[in-house]
């Protein structure tokens, strides 16, 4: 099973569409968004255009957060975790944690309670292992300050792939 990991999409619908097309082609059933979706309309857009389940957390750039959280409740496949949290993904035996901030990811990794911690914020794709925990930043889907990227995790092999939008 595969999971798409996204962060910092910043309302960039053309880039979101490219990522969604990839997910559809690869039949990816789950998406984790590590913050900075920005607008309520993006929650609705993802819910209407992604056929699987979505877990998302807050970032530091968002408008109408209360409305975004409420809108998530209108779609049973969209799961809002607040500032950070652990998504309960059906059929995936991995312990996963999501946050927007690298410093929080580092702090949580020290506890060694998770297999993967996904984060965003600085728009830099990154992967490192701390103890038994792999920390992963999928970069910025919006392509701000760095090239547009997202990551895909194969839950069976635990292999991660960074996807560069310009190569899709």
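Expressed per residue, the C-alpha convex hull volume of the range 95-168 stands at 78 Å³. Note on the chain: antiparallel DSSP beta bridges, both residues inside, total approximately 50 percent of the bridges counted. Placing a pseudo-label 7 Å from each Cα along the Cα-to-Cβ vector at residue 21 and residue 127 gives an inter-label distance of 2.5 nm. What shape does the range 9-76 have by the C-alpha gyration tensor, where a ≥ b ≥ c are the square roots of the eigenvalues, rounded means a/c under 1.5, and otherwise prolate means a/b greater than b/c and oblate the rest? Prolate, because a/c is 1.5 or more and a/b exceeds b/c.
One chain, two ends: residue 47 and residue 70. Fully extended at 0.36 nm per residue, the span grows by 7.0 nm beyond their Cα-Cα distance. Give, in nm to one decimal, the length gained when the segment between residue 168 and residue 11 is fully stretched (0.36 nm per residue of separation minus the Cα-Cα distance). Roughly 54.6 nm would be gained on extension. Using a simple spin-label model with pseudo-atoms 7 Å out from Cα toward Cβ, residue 158 and residue 77 lie 2.9 nm apart. Relative contact order for the chain: what is it in percent, counting Cα pairs under 8 Å that are at least 6 residues apart? Answer for the chain is 24 percent. Considering only Cα atoms, the convex hull volume of the chain works out to 99 Å³ per residue.
None of the figures in this text is laboratory data; all of them are computed from the coordinates on show. What you see is a predicted model, and the numbers here were worked out from it, not measured in a lab. Note: ideal-geometry Cβ built from the backbone for every residue, glycine included; neighbour counts use all protein chains shown.
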